Amino acid sequence: MLNPSFLDDEKLPEAERVSVLKEVFHRNIRLKQIQRLAGLLAPVVGGTLPANLLIYGASGTGKSVTCLHFLETLKTMCSTKDVPLRYFYVDLTTPRTCFGAFNELAIALDGSTRRYRKGIALEHMQEKIIAALGAIEGFCCILIDEADNITTDSDIFLTFLAKTLPKRVPVRIFYVFLTNRIEWEKNLDPRILSVLKKQDMIFEPYDAMDLIEILRLRVEKALDVKKVEETAIRKIAAYASRETGDARKAVELLAKAVKVAEETTGLLSEAEVDSAEHSLEVDKTEELIASLAVQQRLALQACYTGLRHQKGKLSTGAAYEWYRRVCEDEGAQALTQRRFSDMVSFMDLYGLLNARVASKGRYGKTREISSSLPQKLVKSMLVSQDT
Ligand SMILES: Nc1ncnc2c1ncn2[C@@H]1O[C@H](COP(=O)(O)OP(=O)(O)O)[C@@H](O)[C@H]1O
Ligand SMILES: [Mg+2]
């Protein structure tokens with residue numbers, strides 16, 4: 001691999017990410033959105049405060065990267081006109097409480113990575129924010145990424161942004177809010193909304209062709225193109241667009257496939273993509289299993305223990321017996337057969353096993369449980385049970 005950071009820009013710190021994006025961000029594919037952004041925000045170059053903006057789009061449609069790239073460009077344009085413009089990126093991509101959101105804003109403004117301690121009064125944090133912004137002049141854009149991710153008292157945070165902050169500092173602020181949820185604004189207090197949102201725009205999902213272009217550019221920058229087959233790129237794009245057109249997934253799959261290729265043939269072809277897709281799938285299933293409640297995990301282990309002994313298929317009744325045994329071994333209280341049955345349906349729904357209804361003629365219906373997990377996963381799950 002020539003330059004691995006071009007494959008996982010999201011894990012980089014913001015400054016580094018911006019510089020990596022200069023190389024791998026495919027602006028042509030978001031031209032329409034960039035033009036719209038320019039139309040809405042360009043007044044700042046002439047010294048006029050732009051309206052606040054709310055941007056919607058599913059995950060992986062390039063909202064964050066496009067806005068970061070655009071604001072960086074806008075900053076440069078402003079500086080050639082001697083208009084002072086700063087922008088700040090507030091990262092709410094991980095859900096935060098109201099306190100946590102203030103925390104993110106504060107560290108975005110003071111440029112540190114040090115978080116404030118829990119237990120500090122909200123007012124104190126607000127004063128810090130006001131002080132930080134009080135020290136700058138001209139214009140400032142605050143980009144709030146995944147603004148819908150505030151889990152408690154989001155009104156307090158948003159009211160502070162909309163009403164308090166602009167009154168308390170000389171710098172002229174405009175906001176860009178990003179959200180993955182189209183219904184977000186419906187939950188907002190209309191009075192806050194009327195201040196915060198003046199314009200909105202949408203990022204549509206990428207199609208397979210867009211994804212191919214995005215991937216190609218990255219391959220050129222990060223890899224030795226001679227070792228990457230065109231069909232592999234197409235396959236990755238096909239996988240990603242089959243789901244939701246999520247560029248993040250496409251890039252993730254590319255990175256994984258590169259890893260597979262490096263460990264094996266040294267060549268990235270369709271086979272490596274398939275195997276990477278499979279292993280990402282396994283990773284996700286492992287995560288899902290790890291997140292199960294204790295009883296669910298026991299039930300799952302019981303089904304697979306039963307399946308190991310009774311090669312192939314298991315009736316729910318037999319599975320329940322295995323479950324009781326597993327509970328006994330683990331010193332856990334077994335739930336009723338009904339509850340067990342519900343857990344089986346749940347796991348069927350999540351693809352952790354198959355539970356198909358099979359007719360038993362005049363004896364009525366029963367469900368037949370069979371495996372839906374790769375052998376490797378089953379093994380590691382049953383091993384962890386033994387220990
Ligand atoms: N136009 C693009 N060019 C290059 N890479 C892109 C593009 N759009 C998205 N990506 C990739 O997909 C990832 C997710 O994009 P992001 O902007 O964070 O999506 P969103 O914020 O809409 O969820 C980015 O980190 C980047 O790797
Ligand atoms: Mg994002």
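When restricted to residues that are in contact with a Ser or Thr (Cβ under 6 Å, 6 or more places away or on another chain) and open to solvent by 70 Å² or more (accessible area, probe 1.4 Å), region 84-120 contains 1.
Of all the criteria given as (1) within 16 Å of ligand 2 (Cβ to nearest atom); (2) of a type in the set (Asp, Glu); (3) in contact with a Leu (Cβ under 8 Å, 6 or more places away or on another chain), the one not satisfied by GLU286 is (1).
For region 103-168, please list each of the helices (runs of 4 or more DSSP H) lying entirely inside it that holds at least 2 residues being in the same structural domain as THR76 (by TED's automatic domain parsing) and free of Cβ contacts under 8 Å to residues at least 12 places away in the same chain. Break it down into steps so the answer makes sense when it comes.
Numbers: elements: 122-134, 154-159, 165-168.
Where helices (runs of 4 or more DSSP H) fall fully within region 103-168 and carry at least 2 residues being in the same structural domain as THR76 (by TED's automatic domain parsing) and free of Cβ contacts under 8 Å to residues at least 12 places away in the same chain, they are 122-134, 165-168.
Search region 283-307 for residues that are among the small types (Gly, Ala, Ser) and pair each with any residue that is not in a helix (DSSP H, G or I) when their beta-carbon atoms are under 7 Å apart and the residues are at least 6 apart or on different chains. Close Cβ pairs satisfying both conditions: GLY306/LEU314. If you check ALA299, ALA250, ALA261 for being within 16 Å of ligand 1 (Cβ to nearest atom), assigned to a helix (DSSP H, G or I) and surrounded by 16 or more Cβ atoms within 10 Å (Cβ to Cβ), only one passes: ALA250. Here LYS198 meets the list (1) free of Cβ contacts under 8 Å to residues at least 60 places away in the same chain; (2) away from ligand 2 (no atom under 16 Å from the Cβ); (3) open to solvent by 20 Å² or more (accessible area, probe 1.4 Å) almost entirely, failing just condition (1).
At pLDDT 90 or above and either under 26 Å from VAL357 (Cα atoms) or not charged (D, E, K, R) (or both): is that true of GLY245 in this structure?
On the way: at pLDDT 90 or above: no; either under 26 Å from VAL357 (Cα atoms) or not charged (D, E, K, R) (or both): yes.
For GLY245, the condition - at pLDDT 90 or above and either under 26 Å from VAL357 (Cα atoms) or not charged (D, E, K, R) (or both) - is not met.
Condition check for LYS81 on (1) in contact with a helix residue (DSSP H, G or I) (Cβ under 7 Å, 6 or more places away or on another chain); (2) more than 16 Å from ligand 2 (Cβ to nearest atom); (3) open to solvent by less than 20 Å² (accessible area, probe 1.4 Å): one failure, at (3).
Checking the condition assigned to a helix (DSSP H, G or I) and either within 9 Å of ligand 1 (Cβ to nearest atom) or within 24 Å of PRO205 (Cβ to Cβ) (or both), which residue from LEU31, LEU74 passes? Can you show your working first?
Details: LEU74 fails: either within 9 Å of ligand 1 (Cβ to nearest atom) or within 24 Å of PRO205 (Cβ to Cβ) (or both).
It is LEU31.
When we screen LYS63, LYS75, LYS11 for residues that are loosely packed, with under 14 Cβ neighbours inside 10 Å and either in the same structural domain as LEU161 (by TED's automatic domain parsing) or within 16 Å of ligand 2 (Cβ to nearest atom) (or both), the only hit is LYS11.
Residue-level check: of (1) away from ligand 2 (no atom under 16 Å from the Cβ); (2) free of Cβ contacts under 8 Å to residues at least 40 places away in the same chain, PHE70 misses just (1).
Mind counting the residues in region 279-296 that are open to solvent by less than 50 Å² (accessible area, probe 1.4 Å) and either of a type in the set (Ser, Thr, Tyr) or in contact with a Ser or Thr (Cβ under 7 Å, 6 or more places away or on another chain) (or both)? Adding up the residues that qualify gives 2. State all residues of region 169-187 that are open to solvent by 20 Å² or more (accessible area, probe 1.4 Å) and not in a strand (DSSP E or B); if no residue qualifies, say none. Residues satisfying the conditions are PRO170, ASN180, ARG181, ILE182, GLU183, TRP184, GLU185, LYS186, ASN187.
Let's see how each residue does on (1) at pLDDT 95 or above; (2) of a type in the set (D, E, K, R):
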residue	(1), (2)
ALA132	no, no
ILE144	yes, no
PHE160	yes, no
ARG172	yes, yes
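Of the residues making up region 28-41, not a single one is basic (Lys, Arg) and within 12 Å of ligand 2 (Cβ to nearest atom). Going by the conditions given, is THR179 under 30 Å from PRO166 (Cα atoms) and touching a residue at least 24 places away in the same chain (Cβ under 8 Å)? Yes: the conditions hold for THR179.
The values are calculated or read from the model by the stated rules, or taken from the named source; none is laboratory data. Since the model is a prediction, treat every value here as computed from it, not as a measurement. Cβ atoms come from the backbone with ideal geometry, glycine included; neighbour counts cover every protein chain shown. SASA here: full protein model, heavy atoms, side chains in, ligands and nucleic acids out. Shrake-Rupley method; radii C 1.70, N 1.55, O 1.52, S 1.80 Å.
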